[in-house]
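First the structure, in the form of structure tokens, and then the observations on it.
The values are calculated or read from the model by the stated rules, or taken from the named source; none is laboratory data. As the structure is a prediction and not an experimental result, all values here were calculated from the model. Positions of Cβ are backbone-derived with ideal geometry, glycine not excepted, and every protein chain shown enters the neighbour counts.
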Amino acid sequence: MSEDNPDVLNLPGIDESKASDESIVKVHSRIRRQRVAGSAVAFFSSTAFIIVLTFGWFQLRRHTAGYDPQMYLSERGDIHAFLNYVPAGAGVEKTPFEIGQELYMMRCSSCHQVNGEGMAGNFPPLAGSEWVLHEDAALPIKIVLAGIAGPITVMGQQYNSNMASVVGDLEDRDVANIVTYIRQSWGNEASEVTADQVASVKEEIGSRGPWTAEELQSYFE
Amino acid sequence: MKFISNICSSLWPELSGELKGRETQWSIDSSIRYPLLGMIKPAAFWFVVSLIFGLIASIKLHSPGFLGSCEWLTYGKVEPVFWNSLIYGWLFNAGLACAFWLLARLGGAPIGNGFLLTVSLSIWNVALVVGLIGILMGGTLPLNWRESLTVSGQLPYEWLEMPPFIAPILLASFIGMGLWGLLTFRERVHRASYASQWYVLAALFAFAWIYTAAQIMLIREPSQGSLQYLVGSWYANNLLMIVIVPLALACVYYLLPKALGTPIVGYNHSGRAFWSWFIFASCAGSAELINGPIPAWVTAVGIIAAFGILYPLTVFGIQFLSTLFANFTRIWDTLSLRFVLFGCIGFIVFGAYYIYGSLRSTQEVAQFSSFSNGVQLLGLLGFASMIFSGFLYFILSRLLNKELPSAALAEIHFWMQLSGVLLLVSSLITGGLQEGELMNGSTVSVLSIVVNLKSYYVMASLGMFLMLLGAIAFLVSFTLFMFSTRSEKEETGTLIGESPELEASVS
């Protein structure tokens, strides 16, 4: 780079130092100790500080959800909507029959089918079954509570499979609802079952494994 | 043979003639020359390497088939290698080299313990190579701490992707370097301290703290559930805001009075700016987790902290720009000040976008788009990298007592870095905002939105490419600095003149 030609973009080989290190430290530490009245930095930075405080105040008021550690929503409208959320259909009382239907669909219908017809050769039907429609409701309650395993004859057909108890976690009322549902659906017309009946059967049989058909044959003699 | 004698003369120069009042400076520079060149060398190398990976990652965003057959270079590996080599390779080496030089110079005495610094920085760079190769190799994630010592594989946390067994080595070598910084500060001759020294020391403490805390809470004793993401974003935000940015601020505070010859305008506000920066910036990480499974008040505090940066940003902006504009004619003739001018403007724009990007209304649009990457790159490349580049030119000629080997290469470095960062950052930021708006406000399919944004990613690749050219120019410049034959003028002690005293003007 020639120094004679001013047209050429010129960079000096070395960036000159215009201040010694010692004087940088000393002069600036003197400036820090001076009191300066009214500077551009003071004016604009205090303005900025006020803006920050105002912004922070609004944010803390509006968006902290009362410092609730469980609350992830920050907008008031969202929080209000969340806290007042009512699921569809809530507040409508269900009849015992409908509760029984719901439980049957969840726990029983995979084998006995939605229409109660069972599956030919594998799972016996409930519709019209003498085991379900027996005038002493204790019979179906016993089977639902403890399950039943091994060969069984239903409506003249031979079946051989394994039913485990699927109601271990339910309250007596809900077991009663299920038994009522299967006794009064698909053309079945047998008596309603109450929670007290379930409770007394429970007390009678205690905690036990699945029945065999032979054990329960006494109901048909 | 010439080659060897040249490098020897660069490392152990013998100057003829008098030093003309520069004896102290020359003795300081001589004492720190070897370790600093040991940091600048890998810095220049990592600068090029990181931008090569950045370019590959950027091209893969608009041409997914590019290098598709190479399993070492899939997008998921190239992208973290870019960020990690950029931060831990280029910015850490360059930033710490600048920081340590100004610690030594402002301390006013030749440094001791150079061996500690040399060993630590060598371990740091070797560990970094191993860690990045670990990312490229890939592998399974370790299930627990014991297993992590033997298994390579990439961690899923931003800027902590290197395999876990590297972490203790990196931390130990960083503690070595940080300890050297503290000892050098303790041995200083001038008892008063200057803003540059505060920022360097704070950055040293900050990195040791955030790296240890993040490693323990994410890998050693992993925290459960969404706390992991809180720690992850806290670490990434703090690495940028209270480690890299303070190192660059330290360089600006030093170089402005040094090269302009006037004190910083409004310097008496520096203390407040320092503390408010560290208080606000260190809490701002949770702002980006808005609408995530984090208690609402945590993100609210993050957003307030991010907004609070407005206060120190105002102080910095007025201090730096007033000082620069008061001496505007000197800027263009001083290579390092050109970088600093655009670095300072980059910093103010970065701060403004950082605040803007953390607001709720912006995050509705820009969250999960390329917007936040654009803002991070503006801080890393548009601010820190610009400042460190300028500062390195300033210290290289002093360390080696040599003139700039080629003004043309320096010009290429400057213009390529400036235009590259402008293209890259503006396309990522506008592309990200547009992506968010299209995703929120239109019913067209996601695929057609992505296709629509392709031109932004092509522009980002072009910006990456320009930056790569600039980095190569810097690498060549540095090599020429080291290997050029010493001219007669460069053998004399009067090549660099004596520094005048700084005059305190009333401002």
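Given B:Ile304, B:Ile242, which one is in a helix (DSSP H, G or I), of a type outside the set (D, E, K, R) and within 12 Å of another protein chain (Cβ to nearest Cβ)?
The conditions single out B:Ile304.
Only residues that are basic (Lys, Arg) and closer than 30 Å to B:Ser122 by Cα: list them for segment B:41-69, please. Write out each step before concluding.
Applying the first criterion (basic (Lys, Arg)) to segment B:41-69 yields B:41, B:60.
Selection gives B:Lys41 alone.
Consider segment B:319-335. How many of its residues are within 9 Å of another protein chain (Cβ to nearest Cβ) and crowded, with 23+ Cβ neighbours inside 10 Å?
Counting residues in segment B:319-335 that are within 9 Å of another protein chain (Cβ to nearest Cβ) and crowded, with 23+ Cβ neighbours inside 10 Å gives 3.
Is it fair to say B:Trp234 is assigned to a helix (DSSP H, G or I) and touching a Phe, Trp or Tyr at 6+ places or on another chain (Cβ under 9 Å)? If you could, list the steps in order and put the result at the bottom.
Working: assigned to a helix (DSSP H, G or I): yes; touching a Phe, Trp or Tyr at 6+ places or on another chain (Cβ under 9 Å): no.
No.
Pairs needed: first member in segment A:203-217, within 16 Å of A:Ala138 (Cβ to Cβ) and surrounded by 11 or more Cβ atoms within 10 Å (Cβ to Cβ); second member anywhere, at pLDDT 80 or above and among the β-branched types (Val, Ile, Thr); C-beta distance under 8 Å; at least 6 residues apart or different chains.
From residues that are within 16 Å of A:Ala138 (Cβ to Cβ) and surrounded by 11 or more Cβ atoms within 10 Å (Cβ to Cβ), the pairs are A:Trp211/A:Ile143; A:Trp211/A:Ile148; A:Ala213/A:Ile148; A:Ala213/A:Ile152; A:Ala213/A:Thr153; A:Leu216/A:Ile143; A:Leu216/A:Ile148.
Please enumerate the residues belonging to segment B:408-430 that are in contact with a helix residue (DSSP H, G or I) (Cβ under 8 Å, 6 or more places away or on another chain), among the small types (Gly, Ala, Ser) and modelled with pLDDT under 95.
B:Ala410
Please pick out the residue among A:Glu93, A:Glu98, A:Glu135 that is part of a helix (DSSP H, G or I) and closer than 30 Å to A:Val198 by Cα.
A:Glu98
Going through segment A:25-59 one residue at a time, which ones are more than 7 Å from chain B (Cβ to nearest Cβ), of a type outside the set (Gly, Ala, Ser) and assigned to a helix (DSSP H, G or I)?
A:Arg33, A:Phe43, A:Thr47, A:Ile50, A:Leu53, A:Thr54, A:Trp57, A:Phe58
Hand me the list of helices (runs of 4 or more DSSP H) wholly inside segment B:423-507 holding 2 or more residues that are buried (at least 17 other Cβ atoms within 10 Å of the Cβ).
B:454-483
Among B:Ile279, B:Ile264, which is the only one that is out of contact with any Asp or Glu (no Cβ under 8 Å at 6 or more places or on another chain), more than 10 Å from every other protein chain (Cβ to nearest Cβ) and at pLDDT 90 or above?
Matching residue, one of B:Ile279, B:Ile264: B:Ile279.
Inspect segment A:67-88 for any residue being in a helix (DSSP H, G or I), facing another protein chain (nearest Cβ under 8 Å) and either more than 30 Å from A:Val175 (Cα to Cα) or touching a residue at least 24 places away in the same chain (Cβ under 8 Å) (or both) and give the result as yes or no. Steps first, answer last, please.
Within segment A:67-88, the first condition is being in a helix (DSSP H, G or I), and the residues that meet it are A:67, A:76-83.
The next check asks that each one be facing another protein chain (nearest Cβ under 8 Å); those that pass are A:67.
Going one step further and asking which of them are either more than 30 Å from A:Val175 (Cα to Cα) or touching a residue at least 24 places away in the same chain (Cβ under 8 Å) (or both), we end up with A:67.
Yes; the residues of segment A:67-88 include at least one that is in a helix (DSSP H, G or I), facing another protein chain (nearest Cβ under 8 Å) and either more than 30 Å from A:Val175 (Cα to Cα) or touching a residue at least 24 places away in the same chain (Cβ under 8 Å) (or both).
Kindly indicate whether any position in segment B:403-418 is of a type in the set (D, E, K, R) and closer than 25 Å to B:Phe347 by Cα. Before you say what the answer is, go through the steps one by one.
First pass over segment B:403-418, keeping only residues of a type in the set (D, E, K, R): B:403, B:411.
When the remaining residues are screened for being closer than 25 Å to B:Phe347 by Cα, the result is B:411.
Yes, segment B:403-418 has at least one match.
Filter segment A:89-132 down to the residues that are buried (at least 17 other Cβ atoms within 10 Å of the Cβ), within 30 Å of A:Glu214 (Cβ to Cβ) and polar (S, T, N, Q) and list them by number.
A:Ser129
Please list, ordered by first then second residue, the pairs with beta carbon atoms under 7 Å, 6 or more apart or interchain, first in segment B:110-139 and modelled with pLDDT under 95, second acidic (Asp, Glu).
These pairs meet every condition: B:Gly112/B:Glu187; B:Ile135/B:Glu161.
Exactly one of (1) charged (D, E, K, R); (2) more than 25 Å from B:Glu498 (Cβ to Cβ); (3) in contact with a Lys or Arg (Cβ under 6 Å, 6 or more places away or on another chain) is unmet by B:Asp29. Its number?
Single failed check for B:Asp29: (2).
For (1) more than 14 Å from chain A (Cβ to nearest Cβ); (2) more than 30 Å from B:Met459 (Cα to Cα), each residue gets a yes or a no:
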{"site": "B:Glu23", "(1), (2)": "no, yes"}
{"site": "B:Leu37", "(1), (2)": "yes, yes"}
{"site": "B:Ala43", "(1), (2)": "yes, no"}
{"site": "B:Ile56", "(1), (2)": "yes, no"}
{"site": "B:Lys60", "(1), (2)": "yes, no"}
{"site": "B:Ser85", "(1), (2)": "yes, no"}
{"site": "B:Trp101", "(1), (2)": "no, yes"}
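Please specify each residue of segment A:132-164 satisfying the condition of being free of Cβ contacts under 8 Å to residues at least 60 places away in the same chain and closer than 13 Å to A:Val179 by Cβ.
A:Val132, A:Leu133, A:Pro140, A:Val144
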